[in-house]
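Everything below concerns the one structure shown next.
Values quoted throughout were computed directly from the atomic coordinates according to the rules given, and no laboratory measurement underlies them. Only a predicted model underlies this, so the values are computations on that prediction, with no experimental measurement involved. Here the Cβ positions follow ideal geometry from the backbone for every residue, glycine too, while neighbour counts run over all protein chains shown.
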Amino acid sequence: MRKKTRLIHGGKTNDPSTGALSPPIYQASTFKQNGVGNFTYEYARTGNPTRAALESLIADVEKGDQGFAFASGMAAITAVMDLFAAGDHIIITDDVYGGTYRLMTQVLEQRNISVSFVDTSNKEELAQTIRTETKAVFIETPTNPLLKVTDLKKVAAIAKEHDLLLIVDNTFSTPYWQNPLALGADIVIHSATKYLGGHSDLLAGLVVTNNEKLGEGIHFIQNATGGVLAPHDSWLLIRGIRTLGIRMEEIEHNTKEIAHYLDQHPQVGHVYYPGLQNHPDRGVHEQQSAGYGGMISFTVESEAKALDVLQKVVYFTLAESLGAVESLISLPAPMTHASIPRDRRLSLGIEDGLIRLSVGLEDVEDLREDLAQALT
Ligand SMILES: *Cc1c(COP(=O)(O)O)cnc(C)c1O
C-alpha cells in the first residue's frame, strides 16, 4: 500500500455491523459484559471502539504495530516519560518544543529524572552526554523554530549500541514525509493538534511503537493515568488524517515557493528551511524524509521590523500552533521562547527579529503578495 492509500485504507476503521465507511462515534463510557471477564470492551479509559479505530489507523500510517491516542500532545509525551523512573537520565534535542522543555525541566526533574539538552544534530556532542543512567534519547527533527536536522539512522545506531530507547517527536514532518520507526526509532510521538488534525479544531496526541513490550507498557500507563482522547475527537482526527496526503503535498508546494521568495528578498536576512541549498543538513534530511514540511523561519533586521510585518500581514494569522489549513505567523523570541533568557536564546540562534511561518493551503500567490506588502 502506498502513502495516500494507507491514509484512507489503513487501520480498522469501517464498522462491520452496518458497513458504515466512517466509524461510528461510540459515545459510551462502559460496555455490557457477557459474563465476568467475557467482553471486547469493558470501560472507555481502557478502550473505546472509536479511539481503537484511530489507534489502528495511526499505527499503520506510522509503520508501527500499536497506536495510542491521548488528549493532547503533552499528555502523549507525559505518558511516554512515565516509562522512566527516578534516577534515570534522558538526552533531548536542545531546541525542542517549549512545552516539552517545561515538562522536562519543571515536572520530570522534580521526580529526579534528569535531562540533558544537546544539539542532537552533532553526533559527538550526543555520544559524550551518554552516562550509565541514560535510558533514552528524545529527538525532534526538524526542530522548532530553527529547522535543525538530526540524522535519525545514526542516532538510532548510537542508541542501540548503548541500549537506549530512541523517541522521536514527528509532529513537524508528519508520517506522510517521515517514518522514524522505519529508521530505527522505538517510539514515535505526535501532537496531532497540528498537521494530523489539520483544521485548528482539535487537541490530540498520538504514540506509536513497533515493540510489543513497549506497547504493553504504554497501554498500561494510558489506562493507569487516564489522559485518553475522547470518542468525538478521535473521530475528528480520523477525518483529518484521511486528507493528510493531499494537504501535505499542497503545503509543500506553497512552502517551497515562499522559502525561495524570502531567500532573495532584500529585507530578509537568513531563511531557515531544509529545502534550501544553503541548509547545512539538507542532505541528511533528504535521506530520511520525503518532503521538507510547511515550516519556515526567517530573520529581519530587528524585533521592531518583525512586529511591523506581523501588523501588516493579512492572510498570515498571528497565532500559536501550526500545521493547519490557514497560514500562521509568530515571533519566537517574545512568544513561544519568551521563558528562555535572552542570552541563551541568542546563543541558540533565536534572534529578536526571527519570524516563524506555518504555511497553509491558501493560493500561494496571495501568500507571496501578502509577505511582499508586509515587508516593504
Ligand atoms: C504542539 C507541539 C507539542 C504539544 O502538543 P499539544 O497538542 O499542544 O499538547 C509537542 N511537540 C511539538 C513539536 C509541537 O509542535
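Each of the peptides 355-365, 322-332 was scored by the mean count of other Cβ atoms within 10 Å over its residues; in descending order, highest first, they stand as 322-332, 355-365. Per-residue ellipticity at 222 nm computed for the chain from its helices equals -10500 deg cm²/dmol, with DSSP H segments shorter than 4 residues left out and the rest contributing -39,500 (n - 2.57). If R₀ is 56 angstrom, what is the calculated FRET efficiency for the pair GLU257 and PHE31, using the beta carbon separation as r and rounding to 0.05? So, using R0 = 56 Å, E works out to roughly 0.65.
The label-point distance for GLU216 and THR18, in a model that sets each label 7 Å from Cα toward Cβ, rounds to 3.7 nm. When both bridge partners sit in the chain, DSSP labels roughly 55% of those beta bridges antiparallel. Against the chain, whose longest principal axis comes from its Cα atoms, helix 49-61 is set at around 50 degrees. For segment 20-36, the Karplus equation 6.51 cos²θ - 1.76 cosθ + 1.60, evaluated at θ = phi - 60°, returns couplings of 4, 6, 8, x, x, 8, 7, 7, 9, 9, 9, 9, 5, 9, 6, x, 4 Hz by residue, with Gly and Pro reported as x.
Can you tell me which lysines have their Cα less than 21 Å from the Cα of LYS160? Leave out same-chain residues fewer than eight positions away. Filter leaves LYS63, LYS123, LYS135, LYS213.
Peptides 71-84, 339-352, 138-151 ranked from most to least packed give 138-151, 71-84, 339-352, packing being the mean of other C-beta atoms within 10 angstrom over each peptide's residues. Taking label points 7 Å from Cα along the Cα-to-Cβ direction, GLN106 and ILE8 give a separation of 4.5 nm. The angle between the Cα long axis of helix 231-242 and the longest principal axis of the Cα atoms of the chain comes to about 60 degrees, rounded to the nearest 10. Taking label positions 7 Å along the Cα-Cβ direction at both LYS160 and HIS199, the computed distance is 4.1 nm, reported to one decimal. Taking 0.36 nm per residue of sequence separation and removing the Cα-Cα distance, the HIS265/LYS153 pair yields an extension gain of 36.8 nm. Rounded to the nearest 20 debye, the dipole size of the chain about its Cα centre is 880 debye, using +1 on the Cβ of Lys and Arg and -1 on the Cβ of Asp and Glu.
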